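Read the figures in this text as sums done on the coordinates, not as results from a lab. Everything numeric in this text was worked out from a predicted model, so none of it was measured. Cβ atoms come from the backbone with ideal geometry, glycine included; neighbour counts cover every protein chain shown.
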Amino acid sequence: MEPSSSSPQSTFLTVPASQGGKRLDVFLSSQLPSFSRSQVQALIKEGNVFPQFPVKAIKASMIVLEGQAFQVKVPASKKSDIPAQAFALDIVFEDDDLLVINKPAGLVVHPGAGNPDHTLINALVAHCPGLAGVGGVQRPGLVHRLDKDTSGLLVVAKTDVAYKSLVKQLRYRKLGREYLGIARGLMEGFGRVDAPIGRHAIARKKMAVRAETGKAAVTHFRTLAANEKASLLHLKLETGRTHQIRVHLQYIHHPILGDEVYGGSNELARRQMLHAFRISFQHPRTGTVEGFFAAPPKDFEECLSALGFQRPSWKEVEWPQPKKS
């Protein structure tokens with residue numbers, strides 16, 4: 001069974017001894033390898049899991065017993081209403097399972113309020129017609145996102161199996177993402193920002209550090225070059241909250257240059273100077289660890305030059321490995 005299919009699907013599952021005593025969603029996830037746990041929970045919530053024994057109510061947290069049987073029905077996937085709009089994509093890698101895209105600054109990733117079309121997803125649906133429905137109707141194939149004015153690498157799943165694997169890697173911090181950023185002011189050495197992030201209390205389109213209600217967020221950084229005006233940073237995400245790097249750098253009073261939303265406005269930067277230049281993950285099918293690289297675009301390098309920095313050899317910028325004891 002697959003989460004996305006043009007036809008309805010149905011199967012019967014019996015709880016083996018090894019699964020007795022586990023939650024229903026955990027049991028079903030173990031029996032339906034193409035489904036993420038959240039997709040299984042959605043099936044339960046939407047009334048598509050039918051116990052073959054008397055029970056007052058069914059919910060994801062119910063404990064299953066050996067020998068109990070369930071019928072699972074998967075409705076035909078809803079047809080995506082996202083129009084296919086073909087335009088050139090900078091494809092760094094593609095196979096039958098996934099794509100790695102180098103997104104330009106200024107391109108919105110998926111349709112939403114104010115951006116109904118001409119997004120990266122529109123172009124991907126045109127490039128990969130089979131993408132529709134993978135991981136969700138409105139954001140097919142999308143494992144993670146980049147802000148409109150952030151450039152760089154993101155991975156897109158082309159199959160349900162790839163989507164489940166990559167989302168799991170993202171959740172358990174196995175999907176590596178490294179950025180280059182130009183921050184305001186002088187910064188030195190290595191640093192770590194550990195501050196929970198949530199929706200801003202007043203400006204609802206913004207995020208903010210929210211000690212009481214925010215979700216855990218950790219950003220690591222090291223300084224590659226710096227002067228009194230700005231610092232060139234190598235950043236590594238441990239978590240992936242919305243606007244995480246931008247919020248964290250504002251929080252420590254060194255906002256990303258050009259970031260008008262989080263206090264980094266600067267005449268030398270026409271957009272936020274943030275670029276996702278490395279990404280790594282375990283390939284969902286082969287199991288091999290894959291890594292990809294994309295040098296920052298021209299406007300990023302022009303900003304560096306205007307600030308008096310020399311262009312580094314980008315491919316040689318790698319996160320230091322911990323010393324062996």
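Could you state the orientation-averaged shadow area of the convex hull built on the Cα atoms of the stretch 192-241, in nm² to one decimal? Show your work: numbers first, answer last.
Values: hull surface 17.8 nm².
Here the figure is 4.4 nm², rounded to one decimal.
What FRET efficiency comes out for R173 versus D90 if R0 is 35 angstrom and r is the Cβ-Cβ distance? Round to the nearest 0.05. Show your work: numbers first, answer last.
Numbers: r = 27 Å, r/R0 = 0.76.
Computed FRET efficiency for R173 and D90: 0.85.
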The stretch 45-72 residues near the modelled F12 label - backbone nitrogen below 16 Å, point 7 Å along Cα→Cβ | 49-54, 67-72
For the stretch 212-271 and the stretch 1-37, compute the distance between their C-alpha centroids and round to whole Å.
-> 41
Whole-number value, in Å³ per residue, for the convex hull of the alpha carbons of the stretch 1-144 is 131
Taking springs between alpha-carbon atoms closer than 10 angstrom, which of A225, A60, A201 fluctuates most in the Gaussian network model of the chain?
-> A201
Roughly speaking, what % of Cα-Cα pairs in the chain are separated by over 32 Å, rounded to a whole number?
-> 38
Please compute P(r) over all alpha-carbon pairs of the stretch 78-172, binned at 10 Å starting from zero, and give each bin as a whole-number percent.
-> 17, 55, 27, 1
Normalised by the number of residues in the chain, what is the relative contact order in percent for Cα pairs under 8 Å and 6+ residues apart?
-> 13
Using just the helices of the chain, give the 222 nm mean residue ellipticity in deg cm²/dmol: DSSP H runs with n ≥ 4 each add -39,500 (n - 2.57), and the total is spread over all residues, rounded to 500.
-> -4500 deg cm²/dmol
Once the mean of 1/r over all distinct C-alpha pairs in the stretch 42-104 is inverted, the Kirkwood radius in Å reads 16.3
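Which order, highest average first, do 19-31, 250-262, 155-167 follow once you tally other Cβ atoms within 10 Å for each residue and take the mean per peptide? Write down the numbers at each step before the final one.
Working: 19-31: 18.6, 250-262: 21.0, 155-167: 23.5.
With the highest mean Cβ count within 10 Å placed first, the list reads 155-167, 250-262, 19-31.
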Convex hull over the Cα atoms of the stretch 173-325, averaged projected area in nm²?
-> 11.0
Using the Cα atoms as the points, what is the convex hull volume per residue of the stretch 9-74 in Å³?
-> 73
In nm, give the distance between the simple-model label positions of W314 and L224, each being 7 Å from the Cα along the Cα-to-Cβ direction.
-> 0.9
Plugging the Kirkwood radius over Cα pairs into Stokes-Einstein for the stretch 88-132, at a temperature of 37 °C and a viscosity of 0.692 mPa s, what D comes out in µm²/s?
-> 292
